[in-house]
DNA sequence: GCCTGTGGGTATACGGCGTACACTTGTCAA
DNA sequence: TTGACAAGTGTACGCCGTATACCCACAGGC
């Protein structure tokens, strides 16, 4: 009896299950190819059924962003402002790396969701608790920009995904047209002659992100100290 | 005779005319609502006619980006690296403000076009001519990120577009939920009590952009000096 | 003058999309 | 038993990008 009921009444749809399916599909298919029809199919349901639980596709995208932002660790307690900020931003970055579509969706959405606003608010709190004036905190938030959410759009595709010799050939080919990019050949590809030994540190995304992050945080620290004096 | 010919043989389609129309439509309609059909209609032609001159919509978007990047002033000659960089980036920003859709398209495109690559290459040249090592230039380019092309995505919509009292009401309403954002009310809205006088500097996009830009450039300058020592 | 490519514009059509609207059906309170 | 209500369905509309086949003016060779 119970089994029969279980068989015929499948698990009912709800907002969480829809978001979960959507996030999963976006994770492995990319957000461009995400469609209401595919989500519905994934859930074994007709497309219009989704609209009983989400208003429309935009609202669903907002919900997906909230799922990702919800994965960011809470701020650590008791640290100074800089490490608190740094750690949390790196946690945000980890969340966004798990869901590579999220940064694009975040940018394209006009108004931030309450979840995102709450995150930003808490980050502002970290600045203020660290001794920033409201004014400086304001500028700091603008200066951090998307970095505070763990991403900064890269303008080049990383060449690290292609075989080294292919990338090398590509670089060599455009050496005369783009002389300065060509100079990056050794450091960006990863075969890098250093004191006679070829070391393999290429374009390390994590390093570059933290490099820029620390540059920003250090600059802000300096301004904060100047302000307090 | 000549007039008759002129009448019946309209100005022929070509890539430039298509790009011009597309940029115009995107400028006033937004890039989301830009469609091949609308461009064709604008040009008094059937949609498929466009495909004789552009491969597909993606390639057309690339072309549109190139138009915008082409509007960026060439680097000034004879200045030090920092002002050269600064001025050119501000010129890029002006171009992107004329075509607000361009930054979004730039981000969403995977591989940069040759035009964009050439721009980046010339910016690298500015760093190198300024005495940066190839390594530091490499990190600097990553750190600048999209800022080098004149934009840094804002995470909040600017409240400056809505009437001050409405914004004020909005802020007041969320004061208990977002205490730190609420503290921005005076400085971000634009009515700002300073020494008894209410001054009207709100969220100044230009100021915020240059604030962050200079923070970055100053940080890089320090690293450059440390490196040379 | 005629033939024949060929390049540019056209007509039609396909499969996909988001979603409005009208419907059935299963559940439970009264 | 009824009847309201929530959840899921079916159909349809108007968009989208673009494949494919077509037409036709015109240039170059004969």
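Points worth noting:
- Ascending list, in nanometres, of distances separating the residue A:229 label from those of the other copies (7 Å, Cα toward Cβ): 1.6
- Spatial separation of Cα centroids for region A:100-122 and region B:11-83, in angstrom: 29
- Sorted by Cβ neighbour density within 10 Å, fewest at the top, the residues A:35, B:133, B:146: A:35, B:133, B:146
- Shown for residue A:205: label points 7 Å from Cα along the beta-carbon vector, and their distances to the equivalent points in the other copies, 3.0 nm in ascending order.
- Panel order for A:62, A:28, by other beta carbons found within 10 Å of each beta carbon, from fewest to most: A:28, A:62.
- Residues A:134, A:69, B:31, ranked from the fewest to the most other C-beta atoms within 10 Å, line up as A:134, B:31, A:69.
- Relative to the current alpha-carbon distance between residue B:169 and residue B:77, full extension at 0.36 nm per residue lengthens the span by 28.1 nm.
- Summary for residue A:134: label point 7 Å along Cα→Cβ; distances to the equivalent points in the other copies, ascending, 5.1 nm.
- The alpha carbon radius of gyration of region A:40-149, expressed as a multiple of 2.2 N^0.38 Å, is 1.26.
- Taking a ≥ b ≥ c as the square roots of the Cα gyration tensor eigenvalues, region A:53-104 comes out prolate, since a/c reaches at least 1.5 and a/b is larger than b/c.
Quick note: the coordinates plus some simple rules give every number you see, no bench work behind them. Bear in mind that the values here come from a model prediction, so they are computed numbers and not experimental data. Neighbour counts are summed over all protein chains in view; Cβ atoms, including those assigned to glycine, are modelled from backbone coordinates with ideal geometry.
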